[in-house]
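**Student:** Before anything else, here's the structure in question.
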Amino acid sequence: MWSPVSFYGDDPVRRRAILSYDGHLCGSQQIAQWVEDFLIGNGKEPFIHDGLMLPSAPDCGPAGPLPHELAIMYAGVNWDGTRHGGIFRGLDGKVPLKFYGPPSAWADRGDSYRGILPFDGVSVINALREAGIALCLHKAAHRVYNCPSMRLFEAAAAGALIITDDFDF
């Protein structure tokens, strides 16, 4: 159970799936508490591992040195509007940027928009290595449930410098 509860907590299909599991590994104490409450509330004895489950990223080999020309990379795969628009506008034209995601969401980013990255496990890591700097910003739900997005772990696997928002994780 890694993602914030708001991503699946109201989905009847996912709720049935959660009830069908024999045990749970959770990404934060907040998620573990929700799982425990949900299971007990549905008459099931919770079996939740005491430790935290943190995601991993594929091993793409040693990252090597940072590129000579650094750029800030941001992948907005599940883009949700203008969540970080002020940050992007503030950086635009001042530093090299590389944005990835759906064309309709990034049409106003001009030359900074680089297209869509495939969901193949390594393209994001390779794009991060090419840029050298990862901008890892989170939805409010990530902060509420104290579980960062996968982008932090991909950036670490890429050996990129990480710029992220501040929260407990």
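**Student:** Among rounded, prolate and oblate, which fits the range 1-69 when a ≥ b ≥ c are the square roots of the eigenvalues of its C-alpha gyration tensor, a/c under 1.5 means rounded, and a/b larger than b/c means prolate?
**Tutor:** Values: a/c = 3.15, a/b = 2.52, b/c = 1.25.
Prolate shape, in that a/c is at least 1.5 and a/b is the bigger ratio.
**Student:** Right, here's the next one. With a 1.4 Å probe and every protein chain left in place, work out the accessible area per residue of the chain in Å², rounded to a whole number. Numbers along the way, then the final one.
**Tutor:** On the way: 9470 Å² over 169 residues.
With all protein chains present, the chain gives 56 Å² per residue.
**Student:** Any chance you could run the full-extension gain for Tyr21 through Arg89? It's 0.36 nm times the residue separation minus the Cα-Cα distance, nm to one decimal.
**Tutor:** Details: separation 68, 0.36 × 68 = 24.48 nm, distance 4.41 nm.
Going from the current span to full extension adds 20.1 nm.
**Student:** Set the Förster radius R0 to 30 Å, insert the Cβ-Cβ distance between Ile116 and Ile40 as r into 1/(1 + (r/R0)^6), and round the FRET efficiency to 0.05. List each step's numbers first, then the result.
**Tutor:** Numbers: r = 42 Å, r/R0 = 1.40.
Once rounded, the FRET efficiency stands at 0.10.
**Student:** Right, another one. Per-residue counts of other Cβ atoms within 10 Å, averaged by peptide: what ranking do you get for 12-18, 62-68, highest first? Walk me through the numbers on the way to the answer.
**Tutor:** Values: 12-18: 11.6, 62-68: 9.9.
The packing order, highest mean first, is 12-18, 62-68.
**Student:** Here is a further query. Once you charge only the Cβ atoms, +1 for Lys and Arg and -1 for Asp and Glu, what is the size of the charge dipole of the range 41-162 about its Cα centre, to the nearest 20 debye?
**Tutor:** Details: 11 positive and 11 negative charges, 71 e Å.
The dipole magnitude comes to about 340 debye.
**Student:** Among Cys26, Gly9, Pro55, whose Cα projects farthest towards the positive end of the dipole of the range 8-63, with charges put on the beta-carbon of Lys, Arg (+1) and Asp, Glu (-1)?
**Tutor:** Result: Gly9.
**Student:** Which value, in Å³ per residue, describes the convex hull spanned by the Cα atoms of the chain?
**Tutor:** Numbers: hull volume 22.4 nm³, N = 169.
Hull volume normalised by residue count: 133 Å³.
**Student:** In addition: Per residue, what volume in Å³ does the Cα convex hull of the range 85-147 take up?
**Tutor:** Values: hull volume 7.4 nm³, N = 63.
Looking at the range 85-147, the number lands at 117 Å³ per residue.
**Student:** Using modelled backbone amide H atoms (1.01 Å from N, in-plane), which distant-in-sequence or interchain residues come within less than 5 Å of Ile133's amide H?
**Tutor:** Long-range HN contacts for Ile133: Ala71, Met73, Leu161.
**Student:** Please turn the phi angles of the range 12-25 into ³J(HN,Hα) values with the Karplus equation 6.51 cos²θ - 1.76 cosθ + 1.60 (θ = phi - 60°), one per residue in order, whole Hz, x for glycine and proline.
**Tutor:** Running phi through 6.51 cos²θ - 1.76 cosθ + 1.60 with θ = phi - 60° gives x, 5, 5, 5, 5, 5, 4, 5, 7, 6, 7, x, 9, 10 Hz.
**Student:** Using alpha carbons only, how many angstrom separate the centre of the range 145-159 from the centre of the range 29-90?
**Tutor:** Each part reduced to its Cα centre gives a spacing of 6 Å.
**Student:** Restricting to Cα pairs below 8 Å that are 6+ residues apart, what does the relative contact order work out to for the range 116-169? Please round to a whole percent. Working shown, then result.
**Tutor:** On the way: 57 pairs, mean separation 22.6, N = 54.
It rounds to 42 percent for the range 116-169.
**Student:** Here is a further query. Taking all protein chains as present, what is the carbon and sulfur share of the accessible area of the range 1-144, in % to the nearest whole number, probe 1.4 Å? Each step should come with its number before you reach the end.
**Tutor:** Values: 4550 of 8250 Å².
Carbon with sulfur: 55 percent of the solvent-accessible area.
**Student:** Evaluate the relative contact order of the chain (contact order divided by residue number), counting alpha-carbon pairs under 8 angstrom at least 6 apart; express in whole percent. Before the final figure, lay out each step's value.
**Tutor:** On the way: 244 pairs, mean separation 41.7, N = 169.
Answer for the chain is 25 percent.
**Student:** For the range 99-110, just list the computed ³J(HN,Hα) in residue order, Karplus coefficients 6.51, -1.76 and 1.60, θ = phi - 60°, integers in Hz, with x standing in for Gly and Pro.
**Tutor:** Ordered by residue, 3J(HN,Hα) equals 9, 10, x, x, x, 5, 7, 10, 4, 8, 8, x Hz.
**Student:** Tell me, what is the percent relative contact order of the range 10-89, built from C-alpha pairs under 8 Å that lie six or more residues apart? Don't skip to the answer; put the middle values down first.
**Tutor:** Details: 34 pairs, mean separation 21.0, N = 80.
This gives 26 percent for the range 10-89.
**Student:** Please turn the phi angles of the range 87-93 into ³J(HN,Hα) values with the Karplus equation 6.51 cos²θ - 1.76 cosθ + 1.60 (θ = phi - 60°), one per residue in order, whole Hz, x for glycine and proline.
**Tutor:** Ordered by residue, 3J(HN,Hα) equals 5, 4, 5, x, 7, 4, x Hz.
The values are calculated or read from the model by the stated rules, or taken from the named source; none is laboratory data. These numbers come from a predicted model, not from an experiment. As a convention, Cβ positions derive from the backbone with ideal geometry for all residues, glycine included, and neighbour counts pool all protein chains shown. Accessible surface areas use protein heavy atoms only, side chains included; no ligands, DNA or RNA. Shrake-Rupley method; radii C 1.70, N 1.55, O 1.52, S 1.80 Å.
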